[in-house]
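Values in this text are rule-based calculations from the coordinates and carry no lab data. Here the structure is a predicted model, which means the values were calculated and not measured. Quick reminder, even Gly has a Cβ in these numbers, built from the backbone with ideal geometry, and neighbours come from all protein chains shown.
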């Protein structure tokens, strides 16, 4: 009998998309289960209140609760490092492992690994975020040599997180197409409350580039670090077959 693998996912409290999507992604692997722990997040902005939601002192208690379930891996399914800095996620993972003994990853760190594997230098960025949040994300990617330009980014200026999950697939598909037309070598649907992961394979076929959804990236990285052959996951994008 295959060893049972438990994945622990850190989840923003107002997120209504990532749990059902993550369950669906791993559903074809019988020995993998997914377990969630929430911490308070209600909106995305660069205000002191908005940034304080992602303080590690807020996130760590949720990680400790996942450790009670003796999960094999802890993943932060969120994108705050995009505007707060990638090193923040690196430090969070270190803190989680130090406190629990469990390895950790995040949506953004996993995305960056995938960009390296696919050798992407020009990224299409589709998000629901405000102008200043988007500017921070673009700046952080440009700083690590991943080019994002006005032609390869689109954002929808949404603050309230529950409203993000209401953004239609047709809207997202239009934006994905626009950034590909602008020259993107790959596209990230960059927010784990976007209901997008299940459309990735269709968009990859339609637009001809990898589409790296941030619900998908953290799940992919957790599985691979747990020794799971991700090629068993069909219908959720090239990342599982090629990365």
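The candidate values were (i) 19.7, 60; (ii) 16.5, 51; (iii) 39.3, 130; the one computed from these coordinates for Rg and Dmax of the Cα atoms in Å carries the label (ii).
For the chain, adding -39500 (n - 2.57) for each run of n ≥ 4 DSSP H residues and dividing by the number of residues yields -13000 deg cm²/dmol at 222 nm.
In plain terms, if you count all Cα to Cα distances in region 1-43 and split them into 10 Å steps from zero, the share in each step is 26, 48, 20, 5, 0 percent.
Sorted on the mean count of surrounding Cβ atoms within 10 Å across their residues, most packed first, peptides 130-142, 75-87, 217-229 read 75-87, 217-229, 130-142. The mean sequence distance of close C-alpha pairs (under 8 Å, at least 6 residues apart), as a share of the length of the chain, puts its relative contact order at 23 percent.
Contact order, relative form, for region 1-125: 26 percent (alpha carbon pairs under 8 Å, 6 or more residues apart, mean separation divided by residue count). Gyration tensor analysis over the Cα atoms of region 148-228 returns equivalent ellipsoid semi-axes of 21, 17, 12 Å (largest first, whole Å).
In region 1-117, the alpha-carbon atoms span a convex hull of 113 Å³ per residue. The mean sequence distance of close C-alpha pairs (under 8 Å, at least 6 residues apart), as a share of the length of region 110-213, puts its relative contact order at 32 percent.
With a Förster radius of 41 Å applied to the C-beta separation of residue 56 and residue 170, the computed FRET efficiency comes to 0.65.
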